[in-house]
Amino acid sequence: MAYVATRGGERAIEQAERMYRAQTGRITPSRVKEIGAALPALVDRVMGEASLYAPDLAALALAQSGGDLYEALLLLRAWRTTQPRLQVAEPVAADEGFTHRRISAAFKDIPGGQILGPTLDYAHRLLATQVLEGEAYKPAAVTPAATPAPARHPSLAAWQVAQGLVEPPMADPVDRDAIPDLTREPLLFPAKRAHTLQSLARADTGGTLALGYSAMRGYGTAHPTVNELRLSEVEVRVRHPRGVTFSAGRVKTSQAEVVTTKGKDRLRLGFAATLGWNEVKVISAATLDLNSPGAPKNSPVNEEFFLYHTEPVESSGFCIHFKLPHYVTFQSSLDALRGAQAKKEAPTPAKTEETA
Amino acid sequence: MPTLTADPQLPEPDAAEARDNATFHAVLQALSRPGTVHGLPGAGACPVAQALVDRECRVWTDDRHLAEVLAMTGAAMVAPELADHLFLSLASAEAMDRLLRVRTGSRLYPDQGATVVAPARISQGPALDLAGPGIAGAARLCLGGLHADIWRVRARLNRYPQGIEMLFHDGAALVALPRSTTVTEV
Amino acid sequence: MTLASLTRPWRAFSYGFLDASAKREMRRKMIKAVAVPGCQMPYASREVPIARGWGTGGLQVTLTLVNPKSVVKVIDQGADDSVNAASIRRFLTRVSGAGATNDTLAASLIQSRHRIPEEKLRADQILILQVPNPEPLRPVEPNMSAARQMHADADYGRLWLTLYEQIVRSGRVMQGASYPSMVNGRHVMSPSPIPRWDVPKLHMADHLTILSAGREKRIFAVPPHTRVEPLVFDDVPYRVEDHAGLTCARSGLTGYFMNEIPQDGGGSAHEVSDSELGVKAIRRAEGEDPEIGATWYVDGEMQR
């Protein structure tokens with residue numbers, strides 16, 4: 001009798017991967033193109049969580065993973081690892097982007113106006129079953145407004161600051177080239193402001209919603225009012241080695257500002273932004289941000305708690321790692337259990353540690 | 001679908017990667033076995049700087065030639081008390097004053113203690129008895145070309161787990177003293 | 001300085017997958033980890049092409065150390081042919097051109113999940129342990145900031161208390177794998193989750209061990225000839241798993257850490273957990289002469 005040679009494991013994993021890939025078959029450029037065109041919301045969500053703005057790569061990752069979001073994300077994050085950091089782009093102020101949508105729930109009307117922009121908020125969620133019967137669904141064309149909305153809109157918080165309603169955000173004295181980068185440094189607590197915002201920007205949409213929702217339901221102290229929700233496109237302005245600053249292109253961004261009246265004498269702000277258009281995520285994340293100052297340790301709105309637990313690659317990876325064999329650690333615990341049984345003193349064994 | 005077919009041939013490190021890899025193996029072994037001598041792929045502090053330092057680092061040096069090499073890495077040049085890596089001679093009294101100011105980290109973050117890289121004459125000069133992790137029993141090291149106060153200064157800096165790592169190069173030879181090593185002048 | 005001197009031709013992937021900057025950060029952190037044995041050093045931890053929790057921390061260390069002359073051995077639960085070990089080995093050799101081996105004696109880098117091989121490691125070998133949870137204080141303090149402060153203060157009272165409570169409740173320490181151990185008399189570490197059987201192999205060893213948690217972004221090390229002492233009370237000695245008397249049903253080996261294999265109709269058989277040691281014993285029984293190195297345990301007794 002001999003041991004199974006090493007090849008056994010290798011062949012097994014290769015065939016298992018083939019079985020999975022057989023479900024999706026050939027991946028062609030046209031499939032990737034179609035995914036990009038048909039699923040912009042999904043592409044945006046994946047780009048935000050990957051912190052990599054590359055619609056084609058995101059569509060490819062979705063094609064390659066068969067739509068498994070966490071797999072797509074890992075593909076993009078791992079690809080990102082291999083890329084050098086060439087430049088730090090110019091900072092962009094909230095009101096600088098080309099604004100597509102910008103609403104406030106805090107006031108009936110706001111300077112610059114409420115701009116609904118593209119949304120399904122008021123659509124009736126009826127499945128277009130006729131498509132399955134062979135009839136294409138063709139959305140009606142947009143009728144342009146008589147006067148186009150301006151491309152730029154002032155920030156509502158700026159108006160509130162001017163009115164003395166809001167604590168003005170503290171100016172961060174950090175140098176442009178020295179902005180802490182979460183992908184190059186570990187997250188430590190209390191977290192640097194840049195790390196908190198970066199971490200929320202790349203957080204899991206579902207995880208952010210779950211914890212943000214818990215805060216909204218009362219596990220946080222501050223009830224959010226959406227001060228401003230903004231979808232825009234912003235220029236990525238970088239410096240040419242010759243010294244000229246130029247735009248390398250535009251990226252879609254979402255920003256949410258939520259406020260609570262539960263400040264001492266002024267409104268308190270919570271903020272989040274991400275790459276791509278993803279409203280659920282930025283509202284949830286801003287709510288977490290709003291609730292985090294002074295939150296008790298180990299509550300869902302404690303910064304360490306929500307930043308660690310909404311990291312999508314880490315949480316999903318750890319979850320699926322429990323499929324790996326754990327028989328050595330299990331054996332070790334079993335040995336302790338049997339030892340205790342043999343002593344016949346303790347019918348209820350003590351809580352053993354996480355044998356991950 | 002294969003996802004990593006970009007490089008079908010067996011990958012080969014380029015010259016920089018091969019050099020940095022060899023340097024780091026020497027550094028790692030030297031720190032793991034304080035007092036033992038290891039070979040660098042090139043002479044002086046240059047290979048050590050190239051293997052360890054980049055734009056995430058803050059550095060200080062008193063060596064003009066090395067300053068150019070460090071500038072290429074993108075590291076920020078800062079005062080000695082702010083640097084995470086220092087490349088300097090430790091032969092003068094002035095250098096001792098400088099050394100006393102370097103970062104030793106905190107008990108919360110001992111990793112913020114600096115790495116100090118200095119020329120020395122290995123296997124010459126005063127004898128030192130070494131003890132601590134990486135050393136089976138005791139070891140003796142002779143190290144010359146350093147100011148007489150160096151070990152008193154080091155002892156003042158090292159409040160374990162706070163402290164600094166010292167790498168000494170002599171041509172292409174390297175020895176290291178991590179903060180965990182107890183140094184006794186013989 | 002010219003622009004050209006700062007650039008390189010484009011490549012899809014760097015040698016060893018990680019880019020030069022990621023490797024430099026790993027090097028800087030490994031230096032600090034070795035300098036303060038057992039102390040968890042935070043690092044950025046890049047995403048790599050395997051999932052978090054599947055050995056990404058160990059993989060980043062190995063990718064930093066590997067070169068074409070390296071010979072890597074990868075094991076999971078002691079076995080070279082475990083599926084995830086096979087996957088990591090395939091990735092490592094693919095991106096580095098390094099050789100691969102199952103033989104502990106032939107390896108220069110050994111990446112492992114949950115075990116240390118039974119054959120003694122030498123000074124020229126580096127053991128890289130994958131770590132899911134680097135924090136020994138997690139069971140008493142889940143908040144990482146608070147736990148960090150406890151390490152800073154060498155405040156391990158609550159850890160001692162849980163061990164004491166286990167003895168009171170169960171008559172023995174109930175810690176399975178990952179037994180909290182004092183390193184160099186200062187920092188308590190969680191020795192990945194290797195079984196208690198393997199912890200003494202880290203104490204005053206000839207080899208360097210690097211422990212790396214990719215998901216939790218912490219790296220720590222046990223240099224050679226460094227004290228690693230499991231937390232025990234003077235009157236309750238440290239106990240390894242009761243495997244000394246078990247015999248491997250496949251190889252006939254006795255006195256090593258075993259896997260328990262439940263049998264139809266009740267009862268258990270055992271097989272040696274270090275699969276390659278078992279293979280060598282079988283080959284020897286079949287008349288071949290594979291080299292079997294000195295083992296840490298002889299007849300189930302740890303040798304000092």
Mind listing whichever residues of the range B:101-124 are part of a helix (DSSP H, G or I) and open to solvent by 60 Å² or more (accessible area, probe 1.4 Å)? B:Gln112
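Results for (1) at negative phi; (2) touching a helix residue (DSSP H, G or I) at 6+ places or on another chain (Cβ under 6 Å); (3) open to solvent by 40 Å² or more (accessible area, probe 1.4 Å), shown as yes or no for each residue.
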position: A:Ala146; (1), (2), (3): yes, no, yes
position: A:His153; (1), (2), (3): yes, no, no
position: A:Gln160; (1), (2), (3): yes, no, no
position: A:Pro186; (1), (2), (3): yes, no, no
position: A:Gly206; (1), (2), (3): yes, no, no
position: A:Gly212; (1), (2), (3): yes, yes, no
When you check A:Thr208 against the structure, is it within 14 Å of chain C (Cβ to nearest Cβ), in contact (Cβ under 8 Å) with a residue 12 or more places away in the chain and under 23 Å from the mean Cα position of the chain (by Cα), yes or no? no
So, of the residues in the range A:163-183 that are modelled with pLDDT under 85, surrounded by 10 or more Cβ atoms within 10 Å (Cβ to Cβ) and away from every other protein chain (no Cβ under 14 Å), which turns out to be farthest from A:Ser51 (Cα to Cα)? A:Glu167
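Report whether or not C:Ile194 is of a type in the set (A, V, I, L, M) and farther than 18 Å from C:Glu119 by Cβ. Don't jump to the end; show me each part of the working.
Working: of a type in the set (A, V, I, L, M): yes; farther than 18 Å from C:Glu119 by Cβ: no.
Judged against the criteria, C:Ile194 is not a match.
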Run down A:Phe318, A:Phe306, A:Phe322 and say which single residue is at pLDDT 90 or above and surrounded by 22 or more Cβ atoms within 10 Å (Cβ to Cβ). A:Phe306
Considering (1) more than 7 Å from every other protein chain (Cβ to nearest Cβ); (2) closer than 27 Å to B:Thr73 by Cα, say which one C:Ser96 fails and leave the rest. (1)
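Go through B:Gly74, B:Gly132, B:Gly145 for me and flag whichever is farther than 30 Å from A:Asp181 by Cβ and surrounded by fewer than 21 Cβ atoms within 10 Å (Cβ to Cβ).
Among B:Gly74, B:Gly132, B:Gly145, only B:Gly145 is farther than 30 Å from A:Asp181 by Cβ and surrounded by fewer than 21 Cβ atoms within 10 Å (Cβ to Cβ).
Quick test for you: out of C:Ala294, C:Ala281, pick the one residue that is in contact with a strand residue (DSSP E or B) (Cβ under 8 Å, 6 or more places away or on another chain), open to solvent by less than 40 Å² (accessible area, probe 1.4 Å) and not assigned by TED's automatic domain parsing to the domain that holds C:Lys29.
Of C:Ala294, C:Ala281, the one residue that is in contact with a strand residue (DSSP E or B) (Cβ under 8 Å, 6 or more places away or on another chain), open to solvent by less than 40 Å² (accessible area, probe 1.4 Å) and not assigned by TED's automatic domain parsing to the domain that holds C:Lys29 is C:Ala281.
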Residue hits (the range A:275-302; touching an Asp or Glu at 6+ places or on another chain (Cβ under 9 Å), within 14 Å of another protein chain (Cβ to nearest Cβ) and open to solvent by 50 Å² or more (accessible area, probe 1.4 Å)) are A:Lys297, A:Asn298
Any hit, the range C:147-157, residues being more than 7 Å from every other protein chain (Cβ to nearest Cβ) and crowded, with 23+ Cβ neighbours inside 10 Å: yes
From the list B:Leu157, B:Leu108, which residue is closer than 28 Å to C:Met41 by Cβ and touching a residue at least 12 places away in the same chain (Cβ under 8 Å)? B:Leu157
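From the list C:Ser190, C:Ser273, exactly one residue is small (Gly, Ala, Ser) and assigned by TED's automatic domain parsing to the domain that holds C:Gln149. Which is it?
Details: C:Ser273 fails: assigned by TED's automatic domain parsing to the domain that holds C:Gln149.
Result of the check over C:Ser190, C:Ser273: C:Ser190.
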Complete set of residues in the range A:117-134 that are on the phi < 0 side of the Ramachandran plot and either surrounded by 13 or more Cβ atoms within 10 Å (Cβ to Cβ) or of a type in the set (Ser, Thr, Tyr) (or both): A:Thr119, A:Tyr122, A:Thr129
Expected output for the range A:261-276 (first residue among the β-branched types (Val, Ile, Thr), partner modelled with pLDDT of 90 or more and open to solvent by 30 Å² or more (accessible area, probe 1.4 Å), Cβ below 8 Å, 6+ apart or cross-chain) is A:Thr261/A:Thr225
Index of the failed condition, C:Val199 passing every other in (1) assigned to a loop (DSSP other than H, G, I, E, B); (2) free of Cβ contacts under 8 Å to residues at least 60 places away in the same chain; (3) open to solvent by less than 50 Å² (accessible area, probe 1.4 Å); (4) among the hydrophobic types (A, V, I, L, M, F, W, C): (1)
Qualifying positions in the range A:231-274 - surrounded by fewer than 12 Cβ atoms within 10 Å (Cβ to Cβ) and part of a strand (DSSP E or B): A:Thr245, A:Phe246, A:Gly249
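Check every one of the helices (runs of 4 or more DSSP H) wholly within the range A:1-113 and list those with 2 or more residues that are away from every other protein chain (no Cβ under 14 Å).
The qualifying helices (runs of 4 or more DSSP H) are A:29-38, A:40-50, A:55-64.
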Name the residues in the range C:158-183 that are of a type in the set (D, E, K, R) and surrounded by fewer than 18 Cβ atoms within 10 Å (Cβ to Cβ), would you? C:Arg158, C:Glu165, C:Arg169
Residues satisfying the stated conditions in the range C:202-215, i.e. more than 11 Å from chain A (Cβ to nearest Cβ) and open to solvent by 10 Å² or more (accessible area, probe 1.4 Å): C:His203, C:Met204, C:Asp206
With a cut-off of at least 3 residues that are in contact with a Lys or Arg (Cβ under 8 Å, 6 or more places away or on another chain), open to solvent by less than 10 Å² (accessible area, probe 1.4 Å) and in contact (Cβ under 8 Å) with a residue 24 or more places away in the chain, name the strands (runs of 3 or more DSSP E) lying wholly within the range C:49-133. C:71-76, C:109-113
More than 21 Å from C:Pro193 (Cβ to Cβ), touching an Asp or Glu at 6+ places or on another chain (Cβ under 9 Å) and hydrophobic (A, V, I, L, M, F, W, C), is that true of C:Leu105? yes
Kindly indicate which of C:Pro136, C:Pro193 is crowded, with 24+ Cβ neighbours inside 10 Å and free of Cβ contacts under 8 Å to residues at least 60 places away in the same chain. C:Pro136
Do we find that C:Glu241 is buried (at least 17 other Cβ atoms within 10 Å of the Cβ) and without any contact (Cβ under 8 Å) to a residue 12 or more places away in the chain in this structure? no
Can you go through A:Asp95, A:Asp121 and tell me which one is under 28 Å from the mean Cα position of the chain (by Cα) and in contact (Cβ under 8 Å) with a residue 24 or more places away in the chain? A:Asp95
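The rows are residues; the columns are (1) touching a residue at least 24 places away in the same chain (Cβ under 8 Å); (2) part of a helix (DSSP H, G or I); (3) within 14 Å of chain C (Cβ to nearest Cβ).
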{"residue": "B:Thr36", "(1), (2), (3)": "yes, no, yes"}
{"residue": "B:Ala43", "(1), (2), (3)": "yes, no, no"}
{"residue": "B:Val48", "(1), (2), (3)": "yes, yes, yes"}
{"residue": "B:Ala51", "(1), (2), (3)": "yes, yes, yes"}
{"residue": "B:Asp54", "(1), (2), (3)": "no, no, yes"}
{"residue": "B:Val59", "(1), (2), (3)": "yes, no, yes"}
{"residue": "B:Glu68", "(1), (2), (3)": "no, yes, yes"}
{"residue": "B:Met72", "(1), (2), (3)": "no, yes, yes"}
{"residue": "B:Ala95", "(1), (2), (3)": "yes, yes, no"}
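The values are calculated or read from the model by the stated rules, or taken from the named source; none is laboratory data. Model, not experiment: these values are computed from the prediction. FYI the Cβ positions are ideal-geometry reconstructions off the backbone, even for glycines, and counts take in every protein chain you see. Side chains included, ligands, DNA and RNA excluded: accessible areas come from the protein's heavy atoms. Shrake-Rupley method; radii C 1.70, N 1.55, O 1.52, S 1.80 Å.
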